[in-house]
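The values are calculated or read from the model by the stated rules, or taken from the named source; none is laboratory data. This is a predicted model, so every value here is computed, not measured. Every residue, glycine among them, receives a Cβ derived from its backbone with ideal geometry; neighbour counts consider all protein chains shown. Accessible surface areas use protein heavy atoms only, side chains included; no ligands, DNA or RNA. Shrake-Rupley method; radii C 1.70, N 1.55, O 1.52, S 1.80 Å.
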Amino acid sequence: MNETARIDTSALSRRGPRAQPKGRAVDPAAAQEIAALLGGAPRRRDLLIEFLHRIQDRHGHLSAAHLAALAAEMRLAMTEVYEVATFYHHFDVVKEGEAAPPALTVRVCATLSCKLAGGDALLSEVEALRAAGVRVLPAPCIGRCEHAPAAVVGRHPVDRATAAKVADAIAAKRTEAPLPSCIGYAEYVAGGGYRLLRECVGGARAVDAVIAQLEHSALRGLGGAGFPTGRKWKIVRAEPAPRLVAINIDEGEPGTYKDRHYLERDPHRFLEGMLIAAWAVGADDVYVYLRDEYAACRALLTREIAALAADPPCALPRVHLRRGAGAYICGEESAMIESIEGKRGMPRLRPPYVAQVGLFGRPTLEHNLETLYWVRDILEKGAEWFAGQGRHGRKGLRSFSVSGRVKKPGVHVAPAGVTLRELVAEFCGGMQDGHELYAYLPGGASGGILPASLADVPLDFDTLQPHGCFIGSAAVIVLSQHDRARDAAQNMMEFFADESCGQCTPCRVGTQKAVALMRAPHWDRPLLADLSQAMADASICGLGQAAPNPIACVVKYFPHEVE
C-alpha cells in the first residue's frame, strides 16, 4: 500500500469510550414498567410472545421504548424482539414518532363464509365508526363462520353482525369475550371423566394395548394431514427421552371452527385425550397452542386446567397454555413449534420431522384438538365402534364445519365418507330458500372447489385427490347459483397472500402475482398454470404448495367463468 492510500488511525485510537452505547438507549421509566409487568416470570426466550401479549394487553400497542426495555430485560438483541413483534397480525408496533392506534379496534371478517353473508356491506357500514375514534380493520377468518357475518369488538365477538349490533356493543362497552357455559371439571368427573386416564396411569391399561386400539380404530389426524394416530404415537414413543406433546388449536383455515365448538362445550374430553397421549409417549410437558382469536376459550381453558391441577385424578404432566398472535401459518406444525419457542412462525425444512426433532429440539407428538377429542370414546367403546361409523367404504366419524348457503350451518358430526349431498340434506337442513347447490369447498381455503356434479363423492381422506381436492380439516363451504367459483378462488388467494409468512419466494411473490392475475376479467390461464406449478413445486410448506388448488379447480370445472 502506498503512503497516500494509508489510513491514519491515530485519531481513532484517541477517541476513548463512547458516551452512549450503540443502539437504542433504554428509557428508565419503560424499563421499570416492563420489569413490573413481567413480575417474577422467568425471562426465557420461549416466553417472548407471551410477554409481548402482556404489553399489548396493558397499553394497547407495542411502543419502541417498551420493545427496547423488553429486549434489555430478556437479554435479547433488539432485532430479535422487533422481528417477532412485527411478524404477527395482532401486535401493533408503534415506531418512535408515530401515533398509537385507537384504544378500540373492530375487526370485520373478510373471508369467504362471511363475504357470502354480506361481510363487504357490513365492513362499509362499520367504517362510519372511524369518526368516533374506532379503528376498523378487515380481518382474516376469525373462526365464527356458522354465525356469518361476524365481527369482533375488542375481544367481544358479534355474531350475525350488523352495524347496529357493533355500535351497541361499543356503547355498552362489551369489549371482552364472554365465557361460554361448558361441562366443567366437577361435572365431567361425575360423568366418568378421567377414569380412563387413571386406568392408564395406574397400570390397568398397557401402552401397547392402547396404541393398538387406536390403530385398529382407523383414527387419523383430523387437523388436515390425516396421519394415522396410533402409528404417530408409536413413532414418538420409540424416540429417546425427554419427549414432548404439542397441541395445535390454531385453526385458522377459512371455514374451520370445530375446535372452538368442542372447547366451548366439553373441554375436558379433549384434555383427557391429551393427557392419555402424553402418558402413552412418556411426555412430562404438554404445550397447548391456542389461536388468539379464541379469547373466551383461552379464559375457559385457563380455568379448567387450574381446576384439574388443583384436584388431579392422578399424576399429571406439566401443561403450558400458549397464546397465538394472529398468524394462519402457525397451523402448520413446525411453524407452531417455532412460535411456541418465541420466534416468528416460519415453517422448518424437513427432514428432520417434528416427531424426531420438534419443540426445543426434542421428539414431539403434535396433534389437533379433534383427534384427541375422540380418544376417550374409542378406548371406552372400542375400536370397532369408531371404525364402523363410516359410509361408502370409509371408517370413522368426522366433525364437519359447514357454512355458506345452507339452512343449518354449524359443526355436524357425520360418518366419514358422507357425500356433500347427504351432508347438506341430512345434517344441514338443505339449501337456503332460493338457493340451489352450485359448488362447494370440501376442505377450506386450500382444499379446492368442486361443482355440484361431484356432490356425490365421499368426503374423506384420499377420496378427493383424484378430483384435485382434499378434505383437510373438513371445512365445508357451500356455494349456490348466486355465487361464482372464481370469486371464491380469488378470496382464498387474497387470504393466502396476506397470510404467507414470506420465508420462500415462490409463496411470498407467487400469491401476490396470482391475486393480480385473478382480478383480470379474463384469466391468463397459461401464465397462471406456470405460476401455480412453480408455487406447488418450490414452496417450503403446504400454504404455498396448496394455494394454487382453487385456481386449478376453477379452470377445470368452471372455465366459463374465466374465459
Among the residues of segment 216-241, what is the count of those that are over 17 Å from Leu275 (Cβ atoms), without any contact (Cβ under 8 Å) to a residue 60 or more places away in the chain and of a type in the set (D, E, K, R)?
2
Please note which helices (runs of 4 or more DSSP H) are completely contained in segment 85-185 and include at least 1 residues that are more than 24 Å from the chain's Cα centre (by Cα).
119-126, 163-171
Of these, Leu459, Leu450, Leu464, which one is closer than 27 Å to Tyr328 by Cα, in contact with a His (Cβ under 7 Å, 6 or more places away or on another chain) and hydrophobic (A, V, I, L, M, F, W, C)?
Leu450
In segment 111-138, what residues are closer than 24 Å to Pro442 by Cβ and either out of contact with any Pro (no Cβ under 6 Å at 6 or more places or on another chain) or open to solvent by 40 Å² or more (accessible area, probe 1.4 Å) (or both)?
Ser113, Lys115, Leu116, Ala117
Show the residue pairs meeting these rules: Cβ distance below 7 Å; 6+ apart or different chains; first residue within segment 284-300 and under 22 Å from Gly358 (Cα atoms); second residue surrounded by 24 or more Cβ atoms within 10 Å (Cβ to Cβ) and acidic (Asp, Glu).
Tyr289/Asp250; Arg291/Asp250; Arg291/Glu251
Restricting attention to segment 500-534, and to residues there that are part of a helix (DSSP H, G or I) and touching an Asp or Glu at 6+ places or on another chain (Cβ under 9 Å), which single residue is most open to solvent (accessible area, probe 1.4 Å)?
Arg525
Of the conditions (1) part of a loop (DSSP other than H, G, I, E, B); (2) open to solvent by 70 Å² or more (accessible area, probe 1.4 Å); (3) of a type outside the set (Phe, Trp, Tyr), Arg205 fails just one. Which one is it?
(2)
The helices (runs of 4 or more DSSP H) lying wholly within segment 361-424 that contain at least 2 residues that are closer than 30 Å to Pro242 by Cβ, free of Cβ contacts under 8 Å to residues at least 24 places away in the same chain and polar (S, T, N, Q) are none
Please determine, by comparing only the residues of segment 366-416 that are open to solvent by less than 20 Å² (accessible area, probe 1.4 Å) and among the basic types (Lys, Arg), which one is nearest to the chain's Cα centre (by Cα).
Arg398
Look at Met493 and say whether it is modelled with pLDDT of 95 or more, open to solvent by less than 10 Å² (accessible area, probe 1.4 Å), farther than 24 Å from Glu338 by Cα and not small (Gly, Ala, Ser).
yes
